[in-house]
Amino acid sequence: MKRPLITLLTDFGLKDHYVAAMKGVILGIAPEAQIVDITHEIGAYGIAEAAYTLEQAVGCFPEGTVHLVVVDPGVGSSRRAIVAEVGEQTFVAPDNGVLSRVLRGGGIVREITAMHWFRQPVSSTFHGRDIFAPVAARLSSGGLGESREEVGPVIEDPVRLEEAEPREMAPGEWTGVVLKVDGYGNLITNFEAEHFRQITSGGFEMRVGPGVIRRAVTRFDEGLSNEPCAILGSARLIEVFVNKGNAAQLLDVLPGAKVRVKLKSRRWF
């Protein structure tokens, strides 16, 4: 029998007991579960960063995987707890936009109202342990299956992040954001392959922090020392990088920073 697979993605870090407590709850309910850590190093409260990271990881996991995401600055508030079915995978998370990118292609979303599944008493500050972990564990043996109705009602209005896609300000002009700074200091933006094709076909300017990027390349080694360049990364999103350097430090940029792009033929808005 195939072991149920549960992934974890949080902003908890590994200094404290939080991740271990969630794993303990999961294994107490589903001792046969295989738990895989996507990362626990999402920046504190980094919902958009978590949404991007989750999207990039899920395609590498098999059908039937349950993804447990706890980046939850609204813990204890009136924000909903949700379960989403996207394709053959299941997601358990707070309803704060963290599933925005995986839901772009559709999915069925339910509010979690099955309070008898929760660990009692429920803390107002640690829903990862008391709500999300036990729900994920109970769902891990084959997705929602016959438990669909028991989880809770379908909702049509899950929270969506504006950062999911760039906004067009005028023809040939867009504004977006830095979704993530990776371990190399590369700035991963929400501009996609279509934007890259446009900017490389006729010239462009990209403004992020104090930097202006005017050159796009196809390989990291094509960049010059201390020159921020644009590249289409493995996530099919435009990244800003410095060859053998750190773009985030050079430009003093953090996740959430504004990114503005215009084609060479346009004036700045």
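So which residues in region 102-120 are surrounded by fewer than 16 Cβ atoms within 10 Å (Cβ to Cβ) and out of contact with any Asp or Glu (no Cβ under 7 Å at 6 or more places or on another chain)?
Step one: of region 102-120, the residues surrounded by fewer than 16 Cβ atoms within 10 Å (Cβ to Cβ) are 104-106, 108, 113, 115-116, 120.
Matches in region 102-120: R104, G105, G106, T113, M115, H116, Q120.
Looking at the structure I just gave you, is V36 in a strand (DSSP E or B) and over 15 Å from V151 (Cα atoms)?
Values: in a strand (DSSP E or B): yes; over 15 Å from V151 (Cα atoms): yes.
Here the answer is yes, as V36 does meet what is asked.
Take the conditions modelled with pLDDT under 90, under 30 Å from W117 (Cβ atoms) and in a helix (DSSP H, G or I) and apply them to E163. Does it pass?
Working: modelled with pLDDT under 90: yes; under 30 Å from W117 (Cβ atoms): no; in a helix (DSSP H, G or I): yes.
So E163 fails the test.
Could you check region 211-269 and list, in sequence order, the residues that are of a type in the set (K, R) and buried (at least 19 other Cβ atoms within 10 Å of the Cβ)? First the steps, then the outcome.
Initial filter on region 211-269 (of a type in the set (K, R)): 214-215, 219, 236, 244, 258, 260, 262, 264, 266-267.
Listed by number, the list holds a single entry, K262.
Can you name the strands (runs of 3 or more DSSP E) wholly within region 198-253 that have at least 1 residues being more than 26 Å from the chain's Cα centre (by Cα)?
On the way: elements: 204-208, 211-213, 229-232, 237-241.
By residue number, 204-208, 211-213.
This table checks each residue for (1) outside any helix (DSSP H, G or I); (2) over 21 Å from the mean Cα position of the chain (by Cα); (3) modelled with pLDDT under 95; (4) surrounded by 21 or more Cβ atoms within 10 Å (Cβ to Cβ).
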site: K2; (1), (2), (3), (4): yes, yes, yes, no
site: L8; (1), (2), (3), (4): yes, no, no, yes
site: K15; (1), (2), (3), (4): yes, yes, no, no
site: I26; (1), (2), (3), (4): no, yes, no, yes
site: C60; (1), (2), (3), (4): yes, no, no, no
site: E63; (1), (2), (3), (4): yes, no, yes, no
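Tally the residues that are buried (at least 18 other Cβ atoms within 10 Å of the Cβ) and in a loop (DSSP other than H, G, I, E, B), restricting the search to region 41-52. Steps first, please.
Initial filter on region 41-52 (buried (at least 18 other Cβ atoms within 10 Å of the Cβ)): 42, 46-52.
Narrowing further to those that are in a loop (DSSP other than H, G, I, E, B): 42, 46.
Residues meeting the conditions: 2.
Determine the pairs where a residue that is touching a residue at least 60 places away in the same chain (Cβ under 8 Å) and in the same structural domain as E63 (by TED's automatic domain parsing), located within region 113-140, has a partner that is acidic (D, E) and part of a helix (DSSP H, G or I) with Cβ atoms under 9 Å apart, the partner being 6 or more residues away or on another chain.
R119/D130
Among (1) within 21 Å of the chain's Cα centre (by Cα); (2) free of Cβ contacts under 8 Å to residues at least 60 places away in the same chain, where does T175 come up short?
Just one mismatch for T175, condition (2).
Only one of (1) under 28 Å from I42 (Cα atoms); (2) out of contact with any helix residue (DSSP H, G or I) (no Cβ under 7 Å at 6 or more places or on another chain); (3) in contact (Cβ under 8 Å) with a residue 40 or more places away in the chain is not met by E163, so which one is it?
(2)
For region 85-129, which residues satisfy the criterion of being closer than 16 Å to P158 by Cβ and among the charged types (D, E, K, R)?
Within region 85-129, E85, D95, R101, R104, R110, E111 qualify.
Tell me which residues, restricted to region 172-189, are hydroxyl-bearing (S, T, Y), surrounded by fewer than 22 Cβ atoms within 10 Å (Cβ to Cβ) and closer than 20 Å to E227 by Cβ. Outline the logic, then answer.
Step one: filter region 172-189 for residues hydroxyl-bearing (S, T, Y), giving 175, 184, 189.
From the residues that got through so far, the ones that are surrounded by fewer than 22 Cβ atoms within 10 Å (Cβ to Cβ) too are 175, 184.
The one that is hydroxyl-bearing (S, T, Y), surrounded by fewer than 22 Cβ atoms within 10 Å (Cβ to Cβ) and closer than 20 Å to E227 by Cβ: Y184.
Can you pull out every residue in region 87-133 that is among the small types (G, A, S), under 18 Å from the mean Cα position of the chain (by Cα) and outside any helix (DSSP H, G or I)? Explain how you work it out, then say what you get.
Within region 87-133, the subset among the small types (G, A, S) is 87, 93, 97, 100, 105-107, 114, 123-124, 128, 133.
If we keep only those that are under 18 Å from the mean Cα position of the chain (by Cα) too, we end up with 87, 93, 97, 100, 105-107, 128.
Answer for region 87-133, where residues must be among the small types (G, A, S), under 18 Å from the mean Cα position of the chain (by Cα) and outside any helix (DSSP H, G or I): G87, A93, G97, S100, G105, G106, G107.
When residues of region 120-160 are filtered for being hydroxyl-bearing (S, T, Y) and modelled with pLDDT of 95 or more, how many remain? Spell out the reasoning first.
Within region 120-160, the subset hydroxyl-bearing (S, T, Y) is 123-125, 140-141, 147.
Next, from what is left, pick out any that are modelled with pLDDT of 95 or more: 123-125.
Counting residues in region 120-160 that are hydroxyl-bearing (S, T, Y) and modelled with pLDDT of 95 or more gives 3.
Looking for something polar (S, T, N, Q), under 24 Å from P255 (Cβ atoms) and either assigned to a strand (DSSP E or B) or in contact with a Gly (Cβ under 7 Å, 6 or more places away or on another chain) (or both) - is there at least one such residue anywhere in region 66-79?
Initial filter on region 66-79 (polar (S, T, N, Q)): 77-78.
Next, only the ones that are under 24 Å from P255 (Cβ atoms) stay: 77.
Retained after the next criterion (residues that are either assigned to a strand (DSSP E or B) or in contact with a Gly (Cβ under 7 Å, 6 or more places away or on another chain) (or both)): none.
Within region 66-79, not a single residue is polar (S, T, N, Q), under 24 Å from P255 (Cβ atoms) and either assigned to a strand (DSSP E or B) or in contact with a Gly (Cβ under 7 Å, 6 or more places away or on another chain) (or both).
The values are calculated or read from the model by the stated rules, or taken from the named source; none is laboratory data. Computed from a prediction, not measured in an experiment: that's the story for all the values here. Cβ atoms come from the backbone with ideal geometry, glycine included; neighbour counts cover every protein chain shown.
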